[in-house]
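Enquirer: I have a structure here, written as structure tokens, and I will follow up with some questions on it.
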Amino acid sequence: MTALTVGSGASIGAENDLSDLNELDPAPPEAARSKKFEWSQIIGPAVTTVVFIMVWHYMHSSGMRYFFDKPGFLLPAPETVINDSFINATARGSLLNGLKWTAVVATIGLLIAIVLGMAVAVLMAQAKWAERSMYPYLIALQAIPVLAVVPVIAAVFPTGMAPRLFVCVMISIFPIVTNTLFGLTSADVGQHDLFTLRGASRWTRLMKLQFPAAMPAIFTGFRISAGLSVIGAVVGEQFFRGSSKAGLGIVMEQYRQKIKFPQIYGGLVLTASLGIAVFFLFGYIGNLVIGHWYDNSRKTN
């Protein structure tokens, strides 16, 4: 009884010590750093933007002639691009309307790529024969230039938005499949053994072990494919223009035919902005789904 009392007293003393330590250090350094605002998040992009605009001005004034022996009007000044593309009401209306349809095609194409890509990745993760059978074709799909299959796409999808959606899915599906497959197959072996000992079904193992472990990799694939979906939408519009729903690719081609370079660069600015927006959107959704534990665990002093 005495030993038990001493042990209990020691246990109580240890618990008190731990509570004192918790009061002295309520949060780990990683959590404190994650709550602290970092000025580099603003200063870094701002400095990069200023340097980019300075280089742009230099290339417009003399760089094009010095490096490429081309006239300066091929690269108009930033203020000219802003004035002719966004202040001018006619150009602004056509570019924003093109941005709308490009965003629609990119969003629909990305959603299709997510559904198909995750389905293929789950199948490949569940059966090794499926991975060995399908992976070479996925690599071939990624390696084939869009220009090489334009006649086939045009024959199968002659009109409408379907050919643009096909190009968008073709370009953006590969990162979704590879990242989802990597995440599903990277769950801890010890946890797999625990599920086996408990007699868990394949579905339970997939939903309660593999998918939670794969979420960081899955959302990394989503962020990559989100930018690629915008590229796919614009590329598809460059090849398939027979539609009344003219996206940015079609609008920029129309301005190219009229030799209006400021509006072309305005379209490029909107395309880049759309790509950046969807990239950060999926980053934000990823943080909501998986929290900050994954990023914080990777931070270093």
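Enquirer: Where Lys and Arg each count +1 and Asp and Glu each count -1, what net charge lies around PHE261 among other residues with Cβ under 12 Å from its Cβ?
Expert: Cβ neighbours under 12 Å give a net charge of +3.
Enquirer: Oh, and also: For the residues TYR284, TYR265, what sequence is obtained by ranking on other C-beta atoms within 10 Å, fewest first?
Expert: TYR284, TYR265
Enquirer: Have a look at ALA217, PHE157, VAL146 and report the one farthest towards the positive end of the charge dipole of region 100-297, computed about the Cα centre with Cβ charges (Lys/Arg +1, Asp/Glu -1).
Expert: Checking the options against the dipole of region 100-297, the answer is PHE157.
Enquirer: What ranking do ASP193, ASP84 get, fewest neighbouring Cβ atoms within 10 angstrom at the top? Could you put the intermediate results ahead of the total?
Expert: On the way: ASP193 10, ASP84 20.
Fewest-to-most ranking of ASP193, ASP84: ASP193, ASP84.
Enquirer: On average over all directions, what projected area in square nanometres does region 100-297 have, based on the convex hull of its Cα atoms?
Expert: For region 100-297, the mean projected area of the Cα convex hull comes to 13.2 nm².
Enquirer: Shifting gears a bit: Among ALA200, TRP101, ILE173, pick out the residue whose Cα is farthest towards the positive end of the charge dipole of region 100-297, where Lys and Arg carry +1 and Asp and Glu carry -1 on C-beta, about the Cα centre.
Expert: TRP101
Enquirer: Okay, moving on. Just want the ordering: VAL278, VAL47, from fewest to most Cβ atoms lying within 10 Å of their own Cβ.
Expert: VAL47, VAL278
Enquirer: Another question about this same structure. If you take the beta carbon distance between THR196 and VAL104 as r and set R0 to 45 Å, what does 1/(1 + (r/R0)^6) give as a FRET efficiency, to the nearest 0.05? Working shown, then result.
Expert: Numbers: r = 46 Å, r/R0 = 1.02.
Rounded to the nearest 0.05, the efficiency is 0.45.
Enquirer: Can you give the relative contact order of region 74-176 as a percent, counting alpha carbon pairs under 8 Å and 6+ residues apart? Don't skip to the end; give the middle numbers.
Expert: Working: 49 pairs, mean separation 39.2, N = 103.
Computed over region 74-176, the figure is 38 percent.
Enquirer: Related question: Using alpha-carbon positions, what is the distance between the centroids of region 92-152 and region 159-180, in Å?
Expert: 2 Å
No lab work stands behind these numbers, since they all come straight from the coordinates. Computed from a predicted model, the values in this text were never measured in an experiment. Here the Cβ is made from the backbone with ideal geometry for all residues, glycine too, and neighbour counts use every protein chain on show.
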